Amino acid sequence: MSAGIERASAARRGLAQLAGALVLGALGLVFVIEGDRYGLGELRRMGPGYVPALLGWIMLGLAVLIALSAPGGRSAESGGEETVARRPLLCVSAGVMAFVLLLPLLGLLPAVFLCALLSAFAERAVRWRSAVLVGLTAAAVAWAVFVGVLGLALPLVELPL
Amino acid sequence: MEFLADLSAGFSTALGVENLWYCFLGVFVGTLTGVLPGIGSLAALSLLLPVSFHLPATAAVIFLAGVYYGAEYGGSITSILLNLPGTSSSAVTCLDGHPLARQGKAGVALLLTTLASFLGGFAGILALLAFAPLLAQVARHLTSADYFAIMAFALIASATVTRGSPVKGLAMVVLGLMLGCVGIDLESGVSRFTLGFYQLYDGLDLVVLAMGLFGLSEIIASVAAGRSSLLERSLPLRSMRPSRQELGRSLSPVVRGSTIGGLLGALPGVGVTIAAFLSYAVEKRVSRRPGSFGKGAIEGVCAPEAANNAAAQTAFIPTLSLGIPGSASMAILLGALMIHGIQPGPALLTEHRDVFWGLVASFWIGNLFLLVLNIPLIGLWVRLLLVPYHLLFPVVVCLICLGAFALNHSLFDVWLVLLAGCLGYGLRLLGYEPAPLLVGFVLGPLIEENFRRAMLVARGDPLLILERPVAAAFLALGVGLLAWALLSVLRSRR
């Protein structure tokens, strides 16, 4: 890999680390502000907001430390992976969402089937046939384990009226 | 020698056909449910508690206790094979257990886990028998300040001991503590960070968080990396039996882990999670090859497993003798006892001796069952590794969804799993370790409570904490650990 590309990806990594530190810092800030709103009290009689605010300050400090070491940090140190894997992220999320939306609507088996089906597409080389097969297997396993062994009380299939 | 008479009476109770059967059943069902991703001991116990209502008191508690450590063990199986912890203590097992599995040594890891758990449990039972009254006494002398210091130390240990930068580890601990703040503050009744969701009044659920943070994110990352199967490369599965050298290397970690676990388990609320992390930290410090940790070090699997099993046993000490549950799972066991009209506390050892000793004897038998049951099954679990990943992971996703839903019959929890999964994936991308987050989350409410109480007693003077020897010692250790970690980071940069 040419030095230019390496430097570019290192810069991107540094930027990502910085962004992460910013998010954490923002969260710290939120906790400080909200903590104050909940009532700080004093050290001897702490209000509900004391510990959150304290945590917020600590987080802010840590975020600053992380941000300072972000650029210029060697890649091995910052750790993590290179790029966001969009397809798996989207497909698995879609699967879980399908489960949540369909469970009350269509019952256990269709929800599980679709969850597995959609998740299966996270794999780029997947074919429809194996995805459907996985869906059916998942539904069978789910039924056997949760309804059979654990006795979960859920309608197996519901038809929307 | 009354103790021996009690013990033999206990064994005769435990070896009675009915109780033996329920012990076996409990261990079996416990392991089975523990293996399912996301269904840890807590979920298994909650789901099976109603089943125990119809049983006589001793059988009921023996059954549930069997489910408890069966599920803890089952959770280790998924930690090793799928990098999915069922409980926060199994999060430690993931660190070195999963790399071992990916190197084709899953059989070795599983066998050593089983043995370490058995030995740890055995040591814990011995501690329970010999030291129950003594440990209860010591635990009673510890104040909030001491607990605070011990927990703070545990948090620092978990932040500095896992891979990656200790600063990021600390950030994860703090994030976990923050997530632990969500919910209604018990002292003031103010609802914090619930964003208007009534489902969050009780706070976030540990199992939900763990499933998303570890499970979903692991799946997303693995698919992205193009994992063809759970094995890293297409290695021939090495023999399931560990080499003599590996066995030799496991011995002292198991001993150390059992000691740490046995001692810490007796402290109410603290026990199992801290024991596991602390023994991992100790092993890493003591080891001649600290760099091998996180990549499949046998010591990193044996010691925490021994520790958490020892702690799981000694956790019964405060539960039974003081009526203070050591963990949520203990709380359920306590509930089961009370439903059957048995009030735990000092009275348990006098008025219901048969239950107590029968229980203790059944722990032994239960641990033996675990060993006997699971060793042959290891071959089965390892076969799972050969299933092509693209067929396996969607099923696991569904099991995670169902597991999350089944906990509270709540779809809200499934949404939370999704969010936790995205969070976990984001953390992975940026090189943050999720394990310390879990420890921070579990200890958050506890450490806050102890901190508040300590300050109340000390009338706002933090320096008074240092006057207590135990607290001062642990705080000093914590600061030392922190300094060491930061120094080694600075040194490696130069």
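The values are calculated or read from the model by the stated rules, or taken from the named source; none is laboratory data. Keep in mind that what you see is a predicted model, and the values were worked out from it rather than measured. Don't worry about glycine lacking a Cβ; one is built from the backbone with ideal geometry, like all the others, and counts go over all protein chains shown. We work out accessible area using only protein heavy atoms, side chains counted, and drop any ligands, DNA or RNA first. Shrake-Rupley method; radii C 1.70, N 1.55, O 1.52, S 1.80 Å.
Remarks
- Segment B:388-399, residues that are more than 7 Å from chain A (Cβ to nearest Cβ) and either closer than 14 Å to B:ASP205 by Cα or open to solvent by 30 Å² or more (accessible area, probe 1.4 Å) (or both): B:PRO388
- Tally of residues being among the β-branched types (Val, Ile, Thr) and farther than 27 Å from B:LEU82 by Cβ across segment B:183-223: 3
- Of all residues in segment B:64-118, exactly one satisfies the criterion of being modelled with pLDDT of 80 or more, in contact with a Cys (Cβ under 6 Å, 6 or more places away or on another chain) and within 22 Å of B:GLY212 (Cβ to Cβ), namely B:SER79.
- Filtered residues of segment A:51-60 (kept if at the interface with another protein chain (Cβ under 7 Å from one of its Cβ atoms) and open to solvent by less than 70 Å² (accessible area, probe 1.4 Å)): A:VAL51, A:PRO52, A:LEU55, A:MET59
- Count of residues meeting criterion [at pLDDT 85 or above, open to solvent by less than 10 Å² (accessible area, probe 1.4 Å) and closer than 23 Å to A:GLY135 by Cα] in segment B:400-433: 4
- Contact annotation: residue pairs with Cβ atoms under 8 Å, 6 or more positions apart or on different chains, pairing a residue in segment B:280-295 that is free of Cβ contacts under 8 Å to residues at least 60 places away in the same chain and assigned to a helix (DSSP H, G or I) with a partner that is surrounded by 14 or more Cβ atoms within 10 Å (Cβ to Cβ) and aliphatic (A, V, I, L, M), are B:VAL282/B:ILE260; B:VAL282/B:ALA303; B:GLU283/B:ALA297; B:GLU283/B:ALA303.
- Hits in segment A:75-100 (condition: more than 9 Å from every other protein chain (Cβ to nearest Cβ) and at pLDDT 85 or above): A:LEU90, A:ALA94, A:ALA98
- Members of segment B:160-179 that are under 15 Å from A:LEU55 (Cα atoms), more than 7 Å from chain A (Cβ to nearest Cβ) and at pLDDT below 90: B:GLY169
- Selection from segment B:452-463 of residues that are part of a helix (DSSP H, G or I) and either at pLDDT below 85 or at the interface with another protein chain (Cβ under 9 Å from one of its Cβ atoms) (or both): B:ARG452, B:MET455, B:LEU456, B:VAL457, B:PRO462, B:LEU463
- Taking segment B:180-207 as the range and being closer than 13 Å to B:PRO445 by Cα and either more than 10 Å from every other protein chain (Cβ to nearest Cβ) or open to solvent by less than 60 Å² (accessible area, probe 1.4 Å) (or both) as the test, the residues that pass are B:GLY180, B:CYS181, B:VAL182, B:GLY183, B:ASP185, B:ARG192, B:ASP202, B:GLY203, B:LEU204, B:ASP205, B:LEU206.
- The set of residues from segment A:14-29 being surrounded by 15 or more Cβ atoms within 10 Å (Cβ to Cβ) and within 9 Å of chain B (Cβ to nearest Cβ) comprises A:ALA16, A:GLN17, A:GLY20, A:ALA21, A:LEU24, A:LEU27, A:GLY28.
- For segment B:44-85, a residue qualifies if it is closer than 29 Å to B:PRO436 by Cβ, open to solvent by 10 Å² or more (accessible area, probe 1.4 Å) and among the small types (Gly, Ala, Ser), and exactly one does: B:SER46.
- Selection within segment A:105-122: residues that are within 7 Å of chain B (Cβ to nearest Cβ) and over 10 Å from A:ALA138 (Cα atoms). The member of this set that is surrounded by the most Cβ atoms within 10 Å (Cβ to Cβ) is A:SER119.
- Within segment B:181-203, the set of residues being in contact with an Asp or Glu (Cβ under 9 Å, 6 or more places away or on another chain) and of a type outside the set (Val, Ile, Thr) comprises B:CYS181, B:GLY183, B:ASP185, B:LEU186, B:GLU187, B:SER191, B:ARG192, B:PHE193, B:GLN199.
- Residue that is within 10 Å of chain A (Cβ to nearest Cβ), in a helix (DSSP H, G or I) and touching a Ser or Thr at 6+ places or on another chain (Cβ under 8 Å), where the choices are B:GLU433, B:GLU449: B:GLU449
- Candidate set from segment B:444-472 (those that are in contact with an Asp or Glu (Cβ under 8 Å, 6 or more places away or on another chain) and under 16 Å from B:PHE153 (Cβ atoms)); member that is least open to solvent (accessible area, probe 1.4 Å): B:ALA471
- Matching option when the condition is more than 9 Å from every other protein chain (Cβ to nearest Cβ), in contact (Cβ under 8 Å) with a residue 40 or more places away in the chain and either within 25 Å of the chain's Cα centre (by Cα) or buried (at least 23 other Cβ atoms within 10 Å of the Cβ) (or both), among A:ALA67, A:ALA63: A:ALA67
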